[in-house]
1. Tell me, what ³J(HN,Hα) does each residue in segment 94-101 have, in order and in whole Hz, if you take phi through Karplus 6.51 cos²θ - 1.76 cosθ + 1.60 with θ = phi - 60° and put x for Gly and Pro?
2. Give the long-range amide H neighbours of Val28: residues separated by 5 or more places, or on another chain, with amide H under 5 Å away, using H modelled in the peptide plane at 1.01 Å from N.
3. Apply the Karplus curve 6.51 cos²θ - 1.76 cosθ + 1.60, θ = phi - 60°, to the phi angles in segment 24-40 and return the couplings in whole Hz, x for Gly and Pro.
4. Whose amide H sits under 5 Å from the amide H of Asn38, counting only residues 5 or more places off or on another chain, with H placed in the peptide plane?
5. Among the lysines, which have Cα under 21 Å from the Cα of Lys69 when same-chain residues fewer than 8 positions away are ignored?
6. Residues with beta-carbon under 15 Å from that of Lys67, excluding Lys67: net charge, scoring Lys, Arg +1 and Asp, Glu -1?
Amino acid sequence: MLHQVIETLNSRVALRARYDNFIGGDWVAPVDGQYFDNISPITGKPVCQIARSQAADIELALDAAHKAKDAWGNTSPAQRAALLNKIADRMADNLELIAAVETIDNGKPIRETRAADIPLAIDHFRYFAACIRAQEGSLSELDHDTVAYHFHEPLGVVGDHPVELPDPHGGVEARARNRRRQLRCDEACRADAHVDHGADGRDRRYPAARRA
């Protein structure tokens with residue numbers, strides 16, 4: 001069975017002998033030039049070599065992410081949903097291929113990667129693409145003198161995890177959503193404006209809440 005899987009894989013894509021880090025849309029060699037052998041648990045033999053990343057490589061990835069953050073944060077919910085669905089479509093179109101690579105890489109039976117791991121990862125992209133379109137802000141009255149605003153704003157740069165762990169609290173959600181920020185406005189701020197001390201250390205002023 002493994003022989004058939006490898007033949008199918010090789011007929012569709014040739015695995016590279018060495019993989020660099022994918023940063024900012026480009027393959028980038030590790031800063032210190034080190035690689036490690038990616039051993040398949042199925043055969044106990046190397047499949048390819050992978051960049052052994054260090055702190056300097058992480059900084060490069062963070063720099064690229066921060067560079068893209070503002071543009072992504074200003075992207076409309078409809079556009080973000082479309083992009084997540086496009087990723088899901090590409091994964092679905094190549095499910096057999098991705099499942100084969102996953103099996104060779106981590107040793108799971110092909111039935112698991114084909115019927116569970118990859119389909120679940122695809123489903124999470126579609127799930128959060130739908131969540132984006134349904135997400136809304138709100139305003140609620142906490143008591144007679146206090147009103148809470150809930151705004152959805154970009155959170156910033158976060159980490160992600162491998163495809164075989166499609167956790168709904170992980171990277172897909174981070175790409176999909178904006179942060180919820182609660183703004184409290186009591187009687188004293190009604191005459192002026194509320195100052196929100198954001199997590200990024202910057203103050204933002206909003207018009208005072210007015211009771212009807």
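1. Taking θ as phi minus 60°, the curve returns 10, 4, 4, 5, 5, 4, 5, 4 Hz for segment 94-101.
2. Asn21, Phe22, Ile23
3. Whole-Hz 3J(HN,Hα) from phi for segment 24-40: x, x, 10, 7, 10, 5, x, 4, 8, x, 8, 9, 10, 6, 8, 8, 7.
4. Those lying under 5 Å, H to H, from Asn38 are Val47, Cys48, Gln49, Ile50.
5. Filter leaves Lys86.
6. Numbers: positive: Lys69; negative: Asp26, Glu59, Asp63, Asp70.
With Lys, Arg at +1 and Asp, Glu at -1, the net is -3.
Taken together, the values in this text are just the output of simple stated rules run on the coordinates, not laboratory data. Just so we're clear, the structure is a prediction, and the values are computed from it rather than from any experiment. Cβ sites come from the backbone with ideal geometry, for glycine too, and all protein chains shown count toward neighbours.
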